[in-house]
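The values are calculated or read from the model by the stated rules, or taken from the named source; none is laboratory data. This structure is a prediction, so every number in the text was calculated from the model and none was measured. Cβ placement follows ideal geometry from the backbone for every residue including glycine, while neighbour counts extend to all protein chains displayed. The area values use the complete protein model at the heavy-atom level, side chains included, leaving out ligands, DNA and RNA. Shrake-Rupley method; radii C 1.70, N 1.55, O 1.52, S 1.80 Å.
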Amino acid sequence: MSDTSKDTGKNSMWGGRFAAGPAAIMEDINASIGFDQKLYRQDIQGSKAHATMLAEVGILTAEDRDTIIKGLTQIGEEIEHGHFTFSRALEDIHMNVEARLRELIGDAAGRLHTARSRNDQIATDTKLYVRAAIDGIDAALADLQKALAKKALEYAGTVMPGFTHLQSAQPVTFGHHLLAYVEMVNRDRGRFQDARKRLNESPLGAAALAGTSFPIDRKMTAEALDFDRPTANSLDSVSDRDYALETLAAASILSMHLSRFAEEIVIWSSAQFQFIQLSDALTTGSSIMPQKKNPDAAELVRAKIGRVMGAFTALMTVMKGLPMAYAKDMQEDKEPIFDALETLELSIAATTGMVRDMVPNAKALKKAAGSGYATATDLADWLVRVLNMPFRDAHHVTGTLVGMAAERKVDLHKLSLDEMQSVEPRITEDVYSVLSVDKSVRSRLSYGGTAPQNVRKQARKWLRQLS
């Protein structure tokens, strides 16, 4: 494609209003084709739907419609195969496509822009892009949930320490821990699905801001583009970016969840914890320390929230003071949207890979599960259940026994019965039945608890649901 601005010194698409070409600095700040060319599929898709509708209502002839659609198809193929030359002078994807269409089919190309504006075009294109991204993210998240649920089922009975304040609290199972992320990711999927429902209205036909006097059929174009309905207010249609903000908000929350999990993977794979092992496929070495095996994939996922949440903040800042309707400020929405959603897709893929790759170290996990007097709550519960002791009293007795064990530098189950009875005479030999980590996790049978049979049931339920 030739650069149509070379001969005239200006963007000829503007018509007669501007006699002089733009200053170089204006072209630099104004052009968006460097990034909005990503929207070429959506732009061509929207133009085909618009042309078809214009012919249906009698604004275009059937011959012009067919010629336009054929030309648009050729342009799509040229871009797909790298044979299309984008022009900065033509500013954006809409004008680049239209200029090339005019080269291919002549005057019929100029009729395509009847009853629309670049304002409703870009709103439509961006909605189509975000909607497709949401669908791709949802599929990737379902895959992540499957990976987590499969691993949870495999290690449903593998005991590990449960933490609060990153201090050993109570024994749980590795499978139970992984299922917590299945639940978190499911809420993330719900947020994206909610955002998709609200964005699925077509702005096409709202024109610049006031609608059009041409007898167009907006329901027809909405249906052709798989929208639920056309937007109901032309001003709102071209000035709304809520759909992008809501999607980026959901993306930020998901990135936070992925970052939390990535941090756990970093901790778990350290030499000090040795809870899991990651293969060479998802770790790197050191340029100076040959023994190192760095969890770089996890560290990068942990950091990506900065870009995703930054995109949300950037777009919120762009939109916060804008009056109705369209303003050029909105051109600044594309790069954050593109970068955040692409970053998120990569983070999900890396996380899924790490879940499938990780191998838990059952021996280290069990040893850690028994440290820090993790079965103290089980002892307190036994005092309540067997001796009918008020929980606050049981808490005090247990704390005293923990202090005794700490002073002797032994675990709770290593205290003799005589030592325990010196604090509470009614304690019997049966107390030792609750002081092992295996018995502790098996006893947590309440709905949502960590008992292995619960974990297996929940993991199988998720796998059925996700299949």
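Some notes on this structure:
- Segment residue 270-residue 418, length gained on full extension (0.36 nm per residue, minus Cα span): 49.3 nm
- Taking other residues whose beta carbon is less than 12 angstrom from the beta carbon of residue 345, and scoring Lys, Arg as +1 and Asp, Glu as -1, yields -4.
- Among the chymotrypsin sites (Phe, Trp or Tyr not before Pro) in region 369-458, those placed in a DSSP loop whose Cβ has at most 10 other Cβ atoms within 10 Å are 447.
- Whole-number percent relative contact order across region 106-227, with pairs defined as alpha carbons under 8 Å at least 6 apart: 35
- Listed peptides 123-132, 139-148 by packing density, highest first (mean Cβ within 10 Å): 123-132, 139-148
- In this structure the amide hydrogen of residue 277, modeled in the peptide plane, comes within under 5 Å of the amide hydrogens of 359, 361, none closer than 5 places in sequence on its chain.
- Each Lys and Arg Cβ is given +1 and each Asp and Glu Cβ -1; about its Cα centre, the chain then shows a dipole of about 1460 debye.
- Dividing the summed helix terms, -39500 (n - 2.57) for each DSSP H run of n ≥ 4, by the number of residues in the chain produces a 222 nm estimate of -19500 deg cm²/dmol to the nearest 500.
- Dipole of the chain [Lys/Arg +1, Asp/Glu -1 at C-beta], most positive-end residue of 441, 324, 277: 441
- Stretched out straight at 0.36 nm per residue, the stretch from residue 320 to residue 214 would grow longer than its current Cα-Cα span by 34.8 nm.
- Value of relative contact order over the chain, rounded to a whole percent, pairs C-alpha under 8 Å and six or more apart: 17
- The charge dipole of region 157-228, taken about its Cα centre with unit charges on the Cβ of Lys, Arg, Asp and Glu (plus for the first two, minus for the last two), comes to roughly 140 debye.
- The convex hull defined by the C-alpha atoms of region 10-142 has an orientation-averaged projected area of 9.7 nm².
- Sequence-distant lysines (8 or more away, or on other chains) whose Cα lies within less than 28 Å of residue 127: 38, 48, 70, 197, 219, 304, 320, 328, 334
- Charge tally in the Cβ shell below 14 Å around residue 417, where Lys, Arg are +1 and Asp, Glu are -1, residue 417 excluded: -3
- Size of region 187-299 as Cα extents on the principal axes (Å, biggest first): 73, 29, 22
- With one equal scatterer per alpha carbon and no solvent term, the Debye-computed log10 I(q)/I(0) for the chain at 0.07, 0.11, 0.13, 0.14 1/Å reads -0.54, -0.94, -1.14, -1.24.
- Here's the list of lysines a cross-link from residue 366 could span, going by alpha-carbon distance under 18 Å and ignoring same-chain residues fewer than 8 apart: 151, 414, 439.
- Relative contact order of region 34-130, pairs being alpha-carbon contacts under 8 Å that are 6 or more residues apart, as %: 40
- 1.4 Å probe accessible area per residue over region 408-467, in Å²: 61
- Split the accessible area of region 104-196 by element, probe 1.4 Å, and carbon with sulfur accounts for 47%.
- Helix runs (DSSP H) in the chain reaching 30 Å along axis by Cα, Kyte-Doolittle at least 0.5: 242-268, 296-319
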